[in-house]
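Remarks on the structure that follows.
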Amino acid sequence: MNKALDKTFYDRQSQVKFEYKKRIVINKRAITLDPKNYDHHYHWARMRIEQGEYHQSESKFREVTILDPENSNAFNHLGVCLAKQGKYDHAIITYRKGLEICPNHLDIIHNLAITLTKTGDYEEAAEWYAQVRESRPFDEALYTCLGYLCFLQGNYQEASLNFESAIRINPRYCMPYFNQALAFYCQDGKEKESKDVFKSGIASMKAEN
């Protein structure tokens, strides 16, 4: 077999769990041999986003959306890249395009709600979160985001309840402990609860490590 000319060889190798730099080299070779294959571009972009290289990933995911305009996952990841760079308005537009392709794409809906929260569109964010909760009632990340949304609106009691739900679902997830501690701290007469849950968060964080 002539590996230099065999597209399927590089296609298979690009998905093997090699060390990052080797995967990049293999994937680049796959793209060179078959530049119109959107899967190669998609894999390359996913590798970049895993490394926090959002600008490079953004460019490549845009290529994927051109090569495969019905790929809702590509629009989701492109939106994440944009949001990570603070391009919230562009991210929201991108997520909405993804939902036009796949209206029930829960990851897009969740990410759209997160970004809307960042832009201060709290009411619409809450509506999208409600859709996710119907399908993912045991998602600790969802309740953490809901708690944060409530906190930003000054509804500290509701925020505490959402953080409590996240903790109940996954007691090892340390973030909602600290968020709940802050929500308690903002409520009159809840100083002891704030200190106690903060200590629990420390213990959870140590357990993770």
Review point. In region 120-154, which residues are hydroxyl-bearing (S, T, Y) and farther than 15 Å from F178 by Cα?
Key: Y122, Y129, S135
Point to revise | Answer residue from region 58-68, given it is touching a residue at least 12 places away in the same chain (Cβ under 8 Å) and touching a Phe, Trp or Tyr at 6+ places or on another chain (Cβ under 9 Å) and is surrounded by the most Cβ atoms within 10 Å (Cβ to Cβ) among those | key: F61
**Study point:** Residue list for region 131-155, filter: farther than 17 Å from H110 by Cα and either of a type in the set (A, V, I, L, M) or surrounded by fewer than 20 Cβ atoms within 10 Å (Cβ to Cβ) (or both)
**Key:** L152, Q153, G154, N155
Point to revise | Lone qualifier among E123, E158 - being over 19 Å from the mean Cα position of the chain (by Cα) and farther than 26 Å from K84 by Cα | key: E158
**Study point:** R172, sole failed condition from (1) touching a residue at least 24 places away in the same chain (Cβ under 8 Å); (2) open to solvent by 70 Å² or more (accessible area, probe 1.4 Å); (3) assigned to a helix (DSSP H, G or I); (4) not β-branched (V, I, T)
**Key:** (3)
Study note, to complete from the structure: Given the conditions (1) closer than 23 Å to T119 by Cα; (2) of a type in the set (D, E, K, R); (3) not in a helix (DSSP H, G or I), every one holds for E70 apart from (1)
Exercise for review: Considering only residues that are small (G, A, S) and at negative phi, look in region 186-209 and name the one that is most open to solvent (accessible area, probe 1.4 Å).
Suggested key: A207
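The values are calculated or read from the model by the stated rules, or taken from the named source; none is laboratory data. Quick caveat, the model's predicted, so the values are computed rather than measured. Counting neighbours? That spans all protein chains shown, and the Cβs are built from the backbone with ideal geometry, glycine included. Just the protein is used for accessible areas: all its heavy atoms, side chains included, with ligands, DNA and RNA removed. Shrake-Rupley method; radii C 1.70, N 1.55, O 1.52, S 1.80 Å.
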